[in-house]
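One structure is given here, and the rest of the page talks about it.
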Amino acid sequence: MYVIARRTTMLSEKTEILNLIPGLRRNERIAQKMVFIKFHNLIMSIVLRYSSTREEAEEIVNDVFYKAFSKIDLYNSNHSFKNWISRIAVNTSIDRYRKQVKNIRLEELNKDVNIQESEFSYEELYNADVLPLMQSLPERYRLVFNMFVFEEYSHKEIAKELNISLGTSKSCLSRAKNLIRQNYLLSKQKNRVVVR
């Protein structure tokens with residue numbers, strides 16, 4: 001029963017989007033507004049992973065919808081609209097990085113910080129709110145981390161997309177993981193209540 005209900009819901013969502021496509025192609029504001037409302041939260045959640053602030057994320061979200069609406073003729077209705085607009089969100093975030101890459105300086109990790117693996121549980125981290133930890137990463141680390149972990153790019157693909165070496169991609173991912181772990185442990189220590 002659940003499978004039938006879910007399949008019906010998925011079909012009705014696809015039909016709803018397909019019904020909006022002609023309106024999007026005619027630049028109808030009502031169709032654009034309906035798509036914006038339907039996909040805003042999804043796009044914001046993707047873009048927030050790549051952004052250092054909510055304000056930056058909102059700018060990117062606007063760019064994503066602008067690109068989607070202006071390039072709607074490239075959408076193939078045989079494929080998922082959700083996947084198509086999600087890919088635009090990822091690519092727009094990466095493009096923003098490329099435009100700013102000249103201004104970015106990688107921060108060196110504090111070599112005095114030595115975190116013992118026994119002090120840290122990745123299961124704990126996955127149950128925590130990771131978004132603020134990710135947003136605190138230097139931009140290149142955040143970008144590589146997102147592309148590798150969430151978008152499942154290989155290091156070779158990341159290196160090609162960002163015009164960096166394979167070693168730099170691997171190094172950025174390693175440093176991003178270490179910084180997330182370090183920042184998580186520091187925030188956990190700050191929130192610890194001492195009972196006497």
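Here, each number is a calculation from the coordinates, and none is a lab measurement. A quick note: this is a predicted structure, and the numbers were derived from the prediction, not measured. Cβ: placed from backbone, ideal geometry, glycine included. Neighbour counts: every protein chain shown.
Quick one: Glu16, Glu56, fewest Cβ neighbours within 10 Å first, how do they rank? List each step's numbers first, then the result.
Numbers: Glu16 13, Glu56 16.
By the 10 Å Cβ count, ascending: Glu16, Glu56.
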Given charges at Cβ of Lys, Arg, Asp, Glu: segment 2-103 dipole, positive-most of Ser70, Ile43, Ser80: Ser80
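Going through the cross-link list Lys82/Lys156; Lys67/Lys156; Lys160/Lys188; Lys99/Lys156; Lys82/Lys160; Lys14/Lys67, which pairs have a Cα-Cα distance over 30 Å in this structure? Display every interim value, and only then the final one.
On the way: Lys82/Lys156 26 Å; Lys67/Lys156 27 Å; Lys160/Lys188 37 Å; Lys99/Lys156 21 Å; Lys82/Lys160 25 Å; Lys14/Lys67 21 Å.
Where the Cα-Cα span goes over 30 Å, the pairs concerned are Lys160/Lys188.
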Karplus-derived 3J(HN,Hα), 6.51/-1.76/1.60, for each residue of segment 151-159, Hz, glycine and proline x: 8, 6, 6, 7, 4, 4, 5, 4, 4
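Using a 10 Å cut-off around each Cβ, can you sort Ile94, Ile46 from fewest to most neighbouring Cβ atoms? Please report the intermediate quantities before stating the final value.
Numbers: Ile94 18, Ile46 25.
Lowest to highest Cβ neighbour count: Ile94, Ile46.
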Cα Rg, Dmax, segment 2-103, angstrom units: 14.9, 52
